[in-house]
Structures are given as C-alpha cells and as structure tokens.
1. What number goes with the only condition from (1) in contact with a Ser or Thr (Cβ under 8 Å, 6 or more places away or on another chain); (2) among the β-branched types (V, I, T); (3) surrounded by 13 or more Cβ atoms within 10 Å (Cβ to Cβ) that T76 does not pass?
2. For the range 71-94, does any single residue satisfy the condition of being part of a helix (DSSP H, G or I) and at pLDDT 95 or above?
3. Would you confirm whether any residue within the range 107-114 is assigned to a strand (DSSP E or B) and crowded, with 16+ Cβ neighbours inside 10 Å?
4. I'm trying to understand the selection: among the residues of the range 89-101, which are touching a residue at least 40 places away in the same chain (Cβ under 8 Å) and not basic (K, R)?
5. Do we have any residue at all in the range 31-48 that's in the same structural domain as S90 (by TED's automatic domain parsing), over 27 Å from the mean Cα position of the chain (by Cα), modelled with pLDDT of 75 or more and surrounded by fewer than 10 Cβ atoms within 10 Å (Cβ to Cβ)?
6. For the range 53-104, give me each residue that is touching a Lys or Arg at 6+ places or on another chain (Cβ under 6 Å) and within 28 Å of C33 (Cβ to Cβ).
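The values are calculated or read from the model by the stated rules, or taken from the named source; none is laboratory data. Quick caveat, the model's predicted, so the values are computed rather than measured. Backbone-built Cβ (ideal geometry, glycine too); neighbour counts: all protein chains shown.
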Amino acid sequence: MAIDRGTKGIGKILTNHYFILLLLIAPLFISSCASVGRDFPEARVSRIQIGKTTKKEIQRMFGPPWRVGIEDGSPTWTYGKYNYRILGDSSTKDLVIRFDDNGVVTSYVFNTTEPQE
C-alpha cells in the first residue's frame, strides 16, 4: 500500500500557516473590547424632575433613546453605554426613565461603574 507523502506535507504546511496566523491575531482578541449603546451626557441626569419633566424635554437633554420598552404598563426609555473588555475593567452606564400616559417622568434610575467626581 502506497502512502501519498505529498498530501501530508501540504497538510503540515497549512497547519503551520494557521498556527502562525493564530499567533498573529491572538493579541487582537485578548486586548479587544466590545461596545454597545450610545454615550449620553450623564451630567444632565440631575435636571430630571419626577412629575414635571416631559418626554420632549428628555429627548432635548439626551437625544433619542437607545431602547424603548414597557415596564408594568408604563413606557420606558433607556440610554446606555456598555464597554466590555476581555482584559481590564469594563465600564457601563445606563439611565432608565419611566413615563406616565401623558409623557411625564414618573421615575428614573441611573447606574454606572465609572468613577464619580
């Protein structure tokens, strides 16, 4: 029975090329990060007034929401920026605003992992 040594040689060359390629791109994956959402001016969060601030005013302060939804039957808008890293610290911040049927803020929550001054 004859063995085709030429095929094994090509396989070894291809395997070596894949290994070298893996070594070249591995640092990109290790140091990479993924970002989701859009940044928003967190300094303006203190301007939100429950029972007074409207959807229109919120949109002027923060722009269009990144996500919209419903919680317990009430409309919600979410502003968020999420940066995830494989190595190192990830950073997140989000603002969830709940409105009544007239489009006035009933409650909101702001969370962040970024240091506050």
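1. T76 satisfies every listed condition except (1).
2. No - not one qualifying residue is present in the range 71-94.
3. yes
4. Scanning the range 89-101 gives S90, D94, L95, I97, F99.
5. Among the residues of the range 31-48, not one is in the same structural domain as S90 (by TED's automatic domain parsing), over 27 Å from the mean Cα position of the chain (by Cα), modelled with pLDDT of 75 or more and surrounded by fewer than 10 Cβ atoms within 10 Å (Cβ to Cβ), which makes the answer no.
6. Passing the criteria: M61, W66, T76, T78, K81, K93.
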